[in-house]
């Protein structure tokens with residue numbers, strides 16, 4: 001969904017570097033895959049065509065954080081009730 005983003009923090013040897021991959025248009029999504037020592041983050045269209053791809057060595061990835069776009073509340077969403085502590 002537009003606005004979804006993934007933040008990747010890697011070890012660059014002399015410090016850390018941060019990269020952001022964001023779904024830039026409506027209908028696009030951001031996908032993460034990993035295998036054979038590589039982490040791949042791809043922005044894809046509805047049809048599955050990759051638009052942008054970033055590849056990182058898995059051994060260098062320190063953090064991979066997904067930030068979903070804020071979703072508006074739906075009519076049928078139940079109100080959240082706070083938890084009560086048991087005695």
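General remarks:
- Ranked by how many other beta carbons lie within 10 Å on average, peptides 2-9, 59-66, 20-27, 73-80 from highest: 2-9, 20-27, 59-66, 73-80
- Alpha-carbon spread of the chain, three principal axes, descending order, Å: 50, 41, 22
- Förster-model FRET efficiency, 22 Å R0, residue 62 and residue 20, C-beta, rounded to 0.05: 0.90
Every number in this text was worked out from the coordinates using simple rules, so none of it is lab data. Note that the structure is a prediction, hence the values are computed from the model and not measured. Quick reminder, even Gly has a Cβ in these numbers, built from the backbone with ideal geometry, and neighbours come from all protein chains shown.
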